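Note sheet for the following structure.
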Amino acid sequence: MNIAQQAAALREALRYHNKKYYDEDAPEISDFAYDRMLRALETLEAEYPEVDEPDSPTHRVGGSVSDKFTAVTHPWPLESLQDVFSFDELQEFYTRARAPEYVVEYKIDGLSVSLEYENGIFVRGATRGDGITGEDVTDNLRTIADIPKVLHGAPETLVVRGEVYMRRSVFDAINAQRELEGKPLLANPRNAAAGSLRQLDSNVTKERKLSIFCFNIQNSDDLPLKSHVQALDYLKQLGFPVSPRYPVYTDPKDIKHEIQHMGDTRGELDFDIDGAVVKVNDFALRRALGSTAKYPRWASAYKYPPEVRETILRDIIITVGRTGVLTPNAVLDPVQLAGTTVSRATLHNRDFIREKDIRIGDTVRVRKAGEIIPEILGYVPEKRPENTVPYEMPKVCPVCGAPVFEDEDEAAIRCTGAECPAQLLRNLMHFVSRDAMDIDGCGQAVLQSLIDAGLVHSAADLYTLREEQIEPLERMGKKSAENLIAAIEKSKSNDLSRLLFALGIRHIGQKAAKTLSATFGSLDAVLGATEQQLTDIRDIGGAIVQSIEEWRGQEQSKHLVERLREAGVNFQGEQLVKSDKLAGKTIVLTGTLTLFTRKQATERIEQLGGRASGSVSKKTTFVVAGENAGSKLKKANELGIPVLTEQEFQDLIQEDKE
């Protein structure tokens with residue numbers, strides 16, 4: 001590959017990763033790897049100017065403007081920063097700048113924005129975009145509590161630049177909730193912040209509890225400010241949150257120590273940083289130094305390299321998440337990593353361990369993924385002991401002893417225990433939810449209080465609660481306790497289909513629960529049905545049959561069912577299938593029905609063992625056509641499907657009743 005081809009390949013890769021990072025908030029490589037790739041292209045273009053291109057990623061800020069948002073032209077460009085990867089490179093920056101003073105700040109890992117104020121009123125906010133044009137996200141920025149909406153004593157026009165981020169504590173809380181709800185987890189705080197800010201619905205942004213640090217006044221030349229420190233102090237005075245550290249140094253040795261200190265202590269912060277920014281303090285000197293097409297010459301960003309350390313994997317322990325997923329975790333000899341002591345690291349899942357062939361006793365390489373979660377990169381082959389053996393995931397849940405569900409097509413292995421303590425909160429949340437037992441006033445906070453008080457260990461315990469037990473709990477009281485007991489009592493009379501769904505049997509959703517209830521009429525009949533009886537039911541596939549077989553065979557399931565029975569929970573449902581006259585037949589209703597409603601007709605078809613479909617196909621048995629029947633009647637005639645009038649269909653139903 002010649003020089004021109006190398007440059008073209010690098011540009012193509014950088015454009016791809018720019019799109020993933022800036023536009024889709026879903027980067028596929030680390031910041032460090034991206035920065036190295038960009039540096040390689042800069043070096044090529046500097047050494048071989050003939051391969052340089054005007055629209056190269058080295059000449060522009062990475063982002064673009066989505067057509068989902070209104071475009072905003074920044075009154076002052078939002079420049080990027082020149083990255084350096086060593087203190088030698090930082091020394092080159094000092095040599096060029098020749099400044100008497102430098103300010104050192106955290107390089108916050110978030111999403112850069114501009115905030116515009118007119119006469120002290122926040123009027124507009126935008127993402128950086130390509131530095132010249134950004135996206136109008138004013139409504140979303142208004143939901144960030146840290147951003148002052150009204151300034152007192154501010155100039156007529158003020159444009160402030162800041163970095164929107166998500167605190168680690170908020171990120172952890174959101175992921176804990178998403179895990180409970182069975183939703184995919186957010187990858188890291190930076191992506192979460194960027195994705196949250198670029199939502200079309202500002203309510204979603206508000207729920208994410210974003211924060212901001214402001215670090216620059218874009219129109220500082222219009223104000224009587226002589227230095228960067230003065231500008232930060234002024235921003236703080238106006239009510240803007242600024243970096244918690246911005247010391248001033250004159251000696252590069254002191255700057256080096258500050259950068260190292262920031263790196264060593266970053267694990268103690270509640271926000272992510274990926275480096276430290278060194279800026280010329282004096283504004284007059286900044287103006288003299290100016291900027292390139294992309295970077296200011298008065299600032300430099302020292303990027304921390306991703307730390308990788310070797311240590312010994314002493315054990316693999318299994319944790320069971322709130323969704324029942326078994327997660328393997330490595331127990332390590334303690335090692336210093338990104339400013340913190342690491343003795344645990346995630347091994348993700350069964351497939352990860354298999355692919356990496358990681359074994360207890362191995363010397364492994366560890367890093368912090370996104371500077372947050374320690375993870376294993378792999379083992380060191382030459383240091384593997386002779387007596388190691390491949391690791392096998394457990395066949396039963398380490399918490400409750402129930403068998404685990406292991407699907408070769410899915411990396412996750414799940415506990416199947418109906419009363420597993422590790423899954424208690426999530427199982428209860430599902431059991432009481434609106435589409436299940438619909439127990440009003442029994443939300444997540446109440447359930448957690450009941451669990452913490454030791455009052456509930458399974459769904460059956462809800463039916464043994466007494467008012468005097470509930471009343472002392474946090475956010476409760478006499479009236480709330482009375483209402484909750486009444487709601488629990490009311491749920492006992494729910495239809496069987498709700499109970500079947502509430503039990504949380506794998507693959508049984510609302511539709512399958514209704515089908516099983518309508519077919520068998522009681523929980524005992526469902527759990528006692530043969531495999532053939534279950535398989536013969538329309539819309540009940542092999543996965544559901546297997547799930548029922550596994551669930552009803554477990555002691556935890558039997559115990560839960562008997563306790564619900566003792567509590568007086570209804571096990572009966574209306575058995576809708578009363579005849580097999582239409583068994584195996586598919587009927588389509590079309591046009592305006594006058595002799596009965598569409599719902600009544602559908603229910604009658606199902607009572608006779610048939611299936612009501614919404615579309616005509618070769619599998620359709622016949623079509624019932626009411627007034628003004630349209631395309632479905634036309635298609636039935638084209639396919640030669642028999643067509644019945646409403647009266648003919650009613651005669652068919654009446655004949656069956658007689």
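Assorted remarks:
- When the range 590-603 is filtered for residues that are part of a helix (DSSP H, G or I) and at pLDDT 80 or above, the ones remaining, listed by number, are R598, K599, Q600, A601, T602.
- Per-region count, the range 242-255, residues surrounded by 18 or more Cβ atoms within 10 Å (Cβ to Cβ) and either farther than 13 Å from V103 by Cβ or among the aliphatic types (A, V, I, L, M) (or both): 2
- Only one of G553, G609, G573, G584 that is out of contact with any helix residue (DSSP H, G or I) (no Cβ under 9 Å at 6 or more places or on another chain) and buried (at least 18 other Cβ atoms within 10 Å of the Cβ): G609
- Condition met for A126 (of a type outside the set (S, T, N, Q), assigned to a strand (DSSP E or B) and either at pLDDT 90 or above or not assigned by TED's automatic domain parsing to the domain that holds D55 (or both)): yes
- L425 satisfies every condition listed in (1) hydrophobic (A, V, I, L, M, F, W, C); (2) buried (at least 21 other Cβ atoms within 10 Å of the Cβ); (3) within 18 Å of L499 (Cα to Cα) except (2).
- Any hit, the range 70-86, residues being assigned to a helix (DSSP H, G or I) and at pLDDT below 95: no
- Residue in the range 183-217 that is surrounded by the most Cβ atoms within 10 Å (Cβ to Cβ), counting only those that are at pLDDT 95 or above and of a type in the set (S, T, N, Q): N216
Table: residues versus (1) buried (at least 23 other Cβ atoms within 10 Å of the Cβ); (2) under 22 Å from the mean Cα position of the chain (by Cα); (3) free of Cβ contacts under 8 Å to residues at least 12 places away in the same chain.
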| position | (1), (2), (3) |
| --- | --- |
| L111 | yes, yes, no |
| E116 | no, no, no |
| N119 | no, no, no |
| V123 | no, no, no |
| R128 | yes, no, no |
| T138 | no, no, no |
| D146 | no, no, no |
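Rundown of residues vs (1) modelled with pLDDT of 90 or more; (2) assigned to a strand (DSSP E or B); (3) under 20 Å from V104 (Cβ atoms); (4) not polar (S, T, N, Q), yes/no style:
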| residue | (1), (2), (3), (4) |
| --- | --- |
| V278 | yes, yes, yes, yes |
| I317 | yes, yes, no, yes |
| L332 | yes, yes, no, yes |
| F352 | yes, no, no, yes |
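- For the range 385-417, a residue qualifies if it is farther than 20 Å from H559 by Cα, surrounded by 17 or more Cβ atoms within 10 Å (Cβ to Cβ) and hydroxyl-bearing (S, T, Y), and exactly one does: Y391.
- Residue within the range 484-498 that is among the charged types (D, E, K, R), touching a residue at least 12 places away in the same chain (Cβ under 8 Å), outside any loop (DSSP other than H, G, I, E, B) and closer than 9 Å to M437 by Cα present: yes
- Any hit, the range 476-484, residues being closer than 24 Å to E603 by Cα and of a type in the set (A, V, I, L, M, F, W, C): no
- Answer from I641, I587 - the residue that is farther than 18 Å from K514 by Cβ, modelled with pLDDT of 85 or more and outside any loop (DSSP other than H, G, I, E, B): I587
- The single residue among K558, K599 that is under 22 Å from R498 (Cβ atoms), of a type outside the set (G, A, S) and not assigned by TED's automatic domain parsing to the domain that holds S522 turns out to be K599.
- The lone exception for H261 - which of (1) within 35 Å of the chain's Cα centre (by Cα); (2) touching a residue at least 24 places away in the same chain (Cβ under 8 Å) it fails: (2)
- D438 being surrounded by fewer than 22 Cβ atoms within 10 Å (Cβ to Cβ), closer than 13 Å to L462 by Cβ, outside the structural domain of G553 (by TED's automatic domain parsing) and of a type outside the set (G, A, S): yes
- Residue check for V616: surrounded by 12 or more Cβ atoms within 10 Å (Cβ to Cβ), assigned to a loop (DSSP other than H, G, I, E, B) and hydrophobic (A, V, I, L, M, F, W, C): yes
- Filter result for A481 (over 18 Å from G573 (Cβ atoms), small (G, A, S) and under 36 Å from the mean Cα position of the chain (by Cα)): yes
- Elements of type helices (runs of 4 or more DSSP H) in the range 398-478, at least 1 residues being of a type in the set (S, T, Y) and touching a Ser or Thr at 6+ places or on another chain (Cβ under 9 Å): none
- Of everything in the range 1-56 that is touching a helix residue (DSSP H, G or I) at 6+ places or on another chain (Cβ under 8 Å) and of a type in the set (V, I, T), the residue that is modelled with the highest pLDDT is I3.
- Top-ranked residue of the range 519-541 - restricted to ones that are in contact with a helix residue (DSSP H, G or I) (Cβ under 7 Å, 6 or more places away or on another chain) and small (G, A, S), ranked as nearest to D435 (Cα to Cα): S522
- Meets criteria (in the same structural domain as T250 (by TED's automatic domain parsing), more than 30 Å from R96 (Cβ to Cβ), surrounded by fewer than 16 Cβ atoms within 10 Å (Cβ to Cβ) and touching a residue at least 24 places away in the same chain (Cβ under 8 Å)) for D351: no
- Here E375 passes the criteria (1) part of a strand (DSSP E or B); (2) crowded, with 20+ Cβ neighbours inside 10 Å; (3) acidic (D, E) except the one numbered (2).
- Within the range 268-295, the residues that satisfy the criterion of being over 22 Å from D35 (Cα atoms) and among the small types (G, A, S) are A284, A288, G290.
- Once the range 303-315 is narrowed to residues that are at pLDDT 90 or above and not charged (D, E, K, R), the residue that is surrounded by the fewest Cβ atoms within 10 Å (Cβ to Cβ) is I312.
The values are calculated or read from the model by the stated rules, or taken from the named source; none is laboratory data. Computed from a predicted structure; not experimentally measured. Note: ideal-geometry Cβ built from the backbone for every residue, glycine included; neighbour counts use all protein chains shown.
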